[in-house]
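The values are calculated or read from the model by the stated rules, or taken from the named source; none is laboratory data. Quantities reported herein were computed from a predicted structural model and do not represent experimental measurements. All Cβ positions, even for glycine, are placed from backbone atoms using ideal geometry, and neighbour counts span all protein chains on display. Accessible surface areas use protein heavy atoms only, side chains included; no ligands, DNA or RNA. Shrake-Rupley method; radii C 1.70, N 1.55, O 1.52, S 1.80 Å.
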Amino acid sequence: MSLRKILFALVAGWLPVAYAPAAEPVALSINADKPGPVIEPAIYGQFAEHLGRLIYEGIWVGKDSPIPNTRGYRNDVLAALKELGVPVLRWPGGCFADEYNWREGIGPRAQRPRKVNTHWGGVVEDNSFGTHEFMDFAELLGADAYVNGNVGTGTPREMAEWLEYMTAEGDSSLAQLRRQNGRDKPWKVKYFAVGNETWGCGGNMRPEYYADLYRHYVTFLKAPEGNKPLRIASGANGSGLPWTEVLMREATRHMDAISVHYYTLPTGKWDVKGRATGFSEDEWWATLARTWRMEWIVTEHSRIMDKYDPEKRVGLYVDEWGTWYDVEPGTNPGFLYQQNSLRDALVAAINLNIFHQHADRVRMSNIAQMVNVLQAMILTERQKMLLTPTYHVYHLYKPFRGARQLPLEMSAPVRTSGDLSVPVVSASAARDGANRLHVALVNLDPRASVNVQIKLSGAKPGRLTGRILTAAAMDAINTFDKPDLVKPATFNGARVVDGVLRVEIPAKSVIVLSEVGR
Ligand code: AHR
């Protein structure tokens, strides 16, 4: 029985494995000799929308700011993101994308139109961060650019001209305009999406209508040979399988990927979502069980995609995901500013493990969002900055980028929360280009450690190093006064006994074990 089947059986309650803390060791077997697909580095992608204090303050402070900056980008955030590595960055939205007019974000900054950001807080968007600022930032980071086009309020001509402006080589008027605005060489636009959440804020469309619009708009997205972007169709909301069905049925041959969005709300309700800190143990489990829903989402959307694209040419991009809580008290509700605790670290690790296991279809994900918004990597308060527990998980998981996934099977007990269930251990494994093994393990239990016994088929484990992220409290956070309260430490709790790798995973923790010097 495959891991997926076992987990489904467990979640569906078909297998009688009850949850009992610290009971029998959890058996995990890793097929080390059967490497699966490459874990695309783009699975570690990020998302930066014109929302709250993300772009303005979080990234862009302008050249004249007292905050130390490089050409207007704040140095502390830039350095932290470079250290992390950002393989791909999605911009300008989100909902913002379907009201964005790219022409308003080019040319002399003082002359750019000031507009109301109708989606996010009703504040004035002065367009000082536009195409040049985004592409320059992506280049500084070494990130591939993922530009999200406007279908909701833009025309096919506007979309086509934006792509031409960014990629044209010759002396067309748009190429000349780009040069006049300071950029000689065309930019590389690796990914381009045709609309965002077109079932919702992007136009409240029916899938049949959007499928036609997608085909229409994408026809005119032209770029020079060697710089043609991968074309992304705006995909479903979480469990909205019919959306994927219609889009795949009507437009598979016109797309390179389709997206899906899913947010983890502790309560599952949009009016009262639940708090980022100060939550109960029940809310801890409810949050982790709701995030585990991602396993079902990617499995089911992939199943539909397999019907229309058995060769798996088209990628499933989870280009928005993460926790979404009630905003921090006293902050603008439209800015989606929330703290980020150890619970978010576990959410990140569980989702990354799911994406690794589905690497055959999931080839990009973009956590929402990069700085100061939702499940952020980084929080800022004027000149201060901190790295969140989520950042630390992304850093711990770096060895998985570009490695080959290893299939695994596990018999973890399951914890139920209301009508939801979640395995108490989450895991993934991979071999990197130097043939080194990496294993990620998460213990969801906030109280008890768990013993995992790992059998490696086809290989003997070499010398391992380990890193762990945990904290004393479930809702431990980093603050501007204590920015290092939650940070990774060395982990020495793994041993090989009779060829079996035994790991005691402390309560509420994320561990990455890596082979050294193979
Ligand atoms: O990430 C915040 C918002 O969530 C995005 O703008 C939108 O696409 C989604 O609903």
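Restricted to region 167-222, and to residues that are of a type in the set (Ser, Thr, Tyr) and open to solvent by less than 10 Å² (accessible area, probe 1.4 Å), which residue is nearest to the chain's Cα centre (by Cα)? The residue in question is Thr198.
The number of residues in region 92-116 that are over 24 Å from the mean Cα position of the chain (by Cα) and surrounded by 21 or more Cβ atoms within 10 Å (Cβ to Cβ) comes to 3. Residues that are under 29 Å from Pro333 (Cβ atoms) and of a type in the set (Val, Ile, Thr) were ranked within region 106-119; the one that is farthest from the ligand (Cβ to nearest atom) is Val116.
Got a number for residues in region 493-513 being in a loop (DSSP other than H, G, I, E, B) and modelled with pLDDT under 95? Full working, then the answer.
Taking region 493-513 as the starting set, the residues that turn out to be in a loop (DSSP other than H, G, I, E, B) are 493, 498-499, 506-508.
Within this subset, residues satisfying the condition of being modelled with pLDDT under 95 are 493, 498-499.
Adding up the residues that qualify gives 3.
Considering every residue within region 59-73, establish whether at least one is within 16 Å of the ligand (Cβ to nearest atom), among the hydrophobic types (A, V, I, L, M, F, W, C) and under 25 Å from Val189 (Cα atoms). Yes: one or more hits. Being buried (at least 24 other Cβ atoms within 10 Å of the Cβ), in contact (Cβ under 8 Å) with a residue 12 or more places away in the chain, over 16 Å from Asp432 (Cα atoms) and of a type in the set (A, V, I, L, M, F, W, C): is that true of Ile378 here? Spelling it out, it is not the case that Ile378 is buried (at least 24 other Cβ atoms within 10 Å of the Cβ), in contact (Cβ under 8 Å) with a residue 12 or more places away in the chain, over 16 Å from Asp432 (Cα atoms) and of a type in the set (A, V, I, L, M, F, W, C). Counting just the residues of region 436-450 that are touching an Asp or Glu at 6+ places or on another chain (Cβ under 7 Å) and open to solvent by 20 Å² or more (accessible area, probe 1.4 Å), which one comes out farthest from Pro488 (Cα to Cα)? Looking at the filtered set, the residue picked out is Arg436.
Is one or more of the residues making up region 21-28 open to solvent by 10 Å² or more (accessible area, probe 1.4 Å) and closer than 30 Å to Asp432 by Cβ? Explain how you work it out, then say what you get.
Taking region 21-28 first, the residues open to solvent by 10 Å² or more (accessible area, probe 1.4 Å) are 21-25, 27.
Within this subset, residues satisfying the condition of being closer than 30 Å to Asp432 by Cβ are 25, 27.
Scanning region 21-28 turns up at least one residue that is open to solvent by 10 Å² or more (accessible area, probe 1.4 Å) and closer than 30 Å to Asp432 by Cβ.
Cβ-Cβ contacts under 7 Å between residues 6 or more apart (or on different chains), taken from a first residue in region 458-487 that is touching a residue at least 60 places away in the same chain (Cβ under 8 Å) and in a loop (DSSP other than H, G, I, E, B) to a second residue that is open to solvent by 50 Å² or more (accessible area, probe 1.4 Å) and among the aliphatic types (A, V, I, L, M), are listed as Ala471/Leu485; Ala476/Leu485; Asn478/Leu485.
Just the residues that are of a type outside the set (Lys, Arg), over 17 Å from Ala349 (Cα atoms), surrounded by fewer than 20 Cβ atoms within 10 Å (Cβ to Cβ) and in contact with a strand residue (DSSP E or B) (Cβ under 8 Å, 6 or more places away or on another chain), please, taken from region 474-498.
Quick first cut of region 474-498, residues of a type outside the set (Lys, Arg) only: 474-481, 483-486, 488-494, 496-498.
Subsequent filtering for residues that are over 17 Å from Ala349 (Cα atoms) retains 478-481, 483-485, 490, 492-494, 496-498.
With surrounded by fewer than 20 Cβ atoms within 10 Å (Cβ to Cβ) added as a condition, the list becomes 479-481, 483-485, 490, 492-493, 496-498.
The answer is Thr479, Phe480, Pro483, Leu485, Thr490, Asn492, Gly493, Val496.
Every residue, every condition in (1) touching a residue at least 60 places away in the same chain (Cβ under 8 Å); (2) of a type outside the set (A, V, I, L, M, F, W, C); (3) farther than 28 Å from Leu174 by Cβ; (4) more than 16 Å from the ligand (Cβ to nearest atom), yes or no:
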site	(1), (2), (3), (4)
Ala79	no, no, yes, yes
Gly85	yes, yes, yes, yes
Gly94	yes, yes, no, no
Glu104	no, yes, no, yes
Gly121	yes, yes, yes, no
Val124	no, no, no, yes
Met135	no, no, no, yes
Ala138	no, no, no, yes
Thr153	no, yes, no, no
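Restricting Tyr337, Tyr325 to those that are open to solvent by less than 10 Å² (accessible area, probe 1.4 Å), aromatic (Phe, Trp, Tyr) and closer than 26 Å to His119 by Cβ reduces the list to Tyr325. Looking at region 251-265, can you tell me whether even one residue there is farther than 23 Å from Glu49 by Cβ, touching a helix residue (DSSP H, G or I) at 6+ places or on another chain (Cβ under 7 Å) and of a type in the set (Ser, Thr, Tyr)? Checked against the condition, which is being farther than 23 Å from Glu49 by Cβ, touching a helix residue (DSSP H, G or I) at 6+ places or on another chain (Cβ under 7 Å) and of a type in the set (Ser, Thr, Tyr), region 251-265 yields at least one hit.
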